[in-house]
Amino acid sequence: MKRGKLSLVAVVLSGSLLFSSCVGSFSLFNRLSSWNQSVGNKFVNELVFLAFNIIPVYGVAYVADALVINSIEFWSGSNPMANVGDVKKVKGENGNYMVKTLENGYSITKEGETASMDLIYNKEANTWNVVANGESTELIKMNNDGTADLFLPNGEKMNVTLDAQGMMAARQATTSNLMFAAR
């Protein structure tokens, strides 16, 4: 009886090793998510989350992890996200993009082109900015009075409180603007 149970346990353990897969660590996405969680309180984190969905930073990071970084990690056995400054190739709908990790953000360049778009965090001004064609545009500015200015895709500025009500208003404004832009 003991031998039968031992054989069954051995078969189950062997099967679990044979049928397991390497999903990968999703280091770029997790690093971005961890950074967002450390920026401030939950309301600040929500604003950064909304901004990173307006400019699809989370989507690019997830696709880069799923298609490139995790594959490199699986086949080489080493994590390619170990160093800041690495450039990763990400396949998008309109071609391939090169994403370079900076100390204060990310630089994104379409393959074959020289123009880039940078997502930069300015610690002194407490803002996230998009820099393209030499012009910097603020996405979010954190204010000292417990509010934040969210710069919407239609050019309007929305001051939100850092509470649940403010986050709901910001989410509704960004969602309605995105739906309006899709029409």
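The values are calculated or read from the model by the stated rules, or taken from the named source; none is laboratory data. For clarity, every value in this text was computed on a predicted model and none was experimentally measured.
In table form, for the structure just shown:
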| item | result |
| --- | --- |
| Any hit, the range 152-167, residues being part of a strand (DSSP E or B) and within 21 Å of the chain's Cα centre (by Cα) | no |
| Condition check for Ala132: closer than 22 Å to Ala61 by Cα and either among the acidic types (Asp, Glu) or modelled with pLDDT under 85 (or both) | yes |
